[in-house]
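The structure appears below as structure tokens.
The values are calculated or read from the model by the stated rules, or taken from the named source; none is laboratory data. Quick caveat, the model's predicted, so the values are computed rather than measured. Neighbour counts run over all protein chains shown; Cβ positions are idealised from the backbone, glycine included. Just so you know, the surface numbers come from the protein's heavy atoms only, side chains and all, with ligands and any DNA or RNA stripped out. Shrake-Rupley method; radii C 1.70, N 1.55, O 1.52, S 1.80 Å.
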Amino acid sequence: MGEFSFIEWLRKWQKRRKDVMLGIGDDCAVIDVSSDKACLITTDMLVDGTHFDLKKCTAQEAGRKAIACSISDVAAMGCQPTVAVISLCFPDHTPEKFARELYKGIWGISDTYGIEIVGGDIISGRSPFCINVTMLGRDEGLKPIRRSGARIGDAILVTGTLGGSILGRHLSFEPRLKEALVLNKNFAIHAMIDISDGLTADLNHILEESGAGAILYEDQIPVSRAAVELSKKTGCTPLHHALSDGEDYELLITLSKAQAKKVLSSGLFAGVTVSCIGEIVKGHGVRMKSSVGAIRLIRPRGYEHLKYKE
């Protein structure tokens, strides 16, 4: 069993209420709460030893990351996060100082983005530390952007640089909320997702939902300095890390080529690079186009829970 095959099974059998505009399978669920307003809901569970290592990071960093992940989910829909509830499972005999430091990290980033923590649950047990954030958002009069809207001929854009997040950025990344709202307000975005599982894995989510394929331009992938540094330790290429490392939390966007040109020339993203890295095409799967024009099929790679090692 793999994470994504289990999700597909859930989608197949889950009954849908009439007020559920978008259910399982996207960055957020979308609920119709009135004739002209929608509520977005997302949830993220993070556990010590998988999403962070409390032997190497602080409680504040863990708390900050937990909120940032959920902000990024709402940003991926092009909408505004508002409130959150947080559930915590502390290992037995956790000192209160740890819990207070955790909330310093939570409040630090939630205050920055105007999000109020309105409740939650606290338990303890013989288990690793675990934090679950459920965040709500509103559409602000904007149409939530789905994964399923990519169209043949679309350009593929990405914010920032990719790969090597394990060297520290996975704890300190800034959710691309401002950029997502600018995109949704000013341009006709067809599909969008945040890169949490890895570039090719998350692009493949868009392709599967949209019934399309993609060609990536090998020499246009924005490889981070961290990916270059990590490659020296792993023996993999920097490009490999840019394509398959998770937790970049950058935005992956598809839109018409005309709209893409407007985005790239708009000057609305000061301090954040935006790159055109490919195009949506007929067919299925992800292909890579080299600098000399050769095209090859590549396998989407990224992080997946529950999956057996090959």
Residue tally, condition small (Gly, Ala, Ser), part of a strand (DSSP E or B) and under 26 Å from Cys130 (Cβ atoms), over the range 22-44: 1
Just to be sure before I move on: is Gly49 surrounded by fewer than 12 Cβ atoms within 10 Å (Cβ to Cβ) and in contact (Cβ under 8 Å) with a residue 12 or more places away in the chain in the structure I sent? yes
Give me a count of the residues in the range 114-150 that are part of a loop (DSSP other than H, G, I, E, B) and open to solvent by 80 Å² or more (accessible area, probe 1.4 Å). 4
The range 225-249, residues that are of a type in the set (Gly, Ala, Ser) and open to solvent by 10 Å² or more (accessible area, probe 1.4 Å): Ala226, Ser231, Gly235, Ser244, Gly246
Go through the range 87-113 and give me each residue that's over 17 Å from Cys69 (Cβ atoms) and assigned to a loop (DSSP other than H, G, I, E, B). Asp92, His93, Thr94, Pro95
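Residues are listed down the side, and each one gets a yes or a no for (1) surrounded by 24 or more Cβ atoms within 10 Å (Cβ to Cβ); (2) closer than 21 Å to Ile221 by Cβ:
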{"residue": "Ile152", "(1), (2)": "no, no"}
{"residue": "Leu162", "(1), (2)": "yes, yes"}
{"residue": "His170", "(1), (2)": "no, yes"}
{"residue": "Leu181", "(1), (2)": "no, no"}
{"residue": "Gly198", "(1), (2)": "yes, yes"}
Has the range 250-265 got at least one residue that is aliphatic (A, V, I, L, M), modelled with pLDDT under 95 and open to solvent by 30 Å² or more (accessible area, probe 1.4 Å)? no
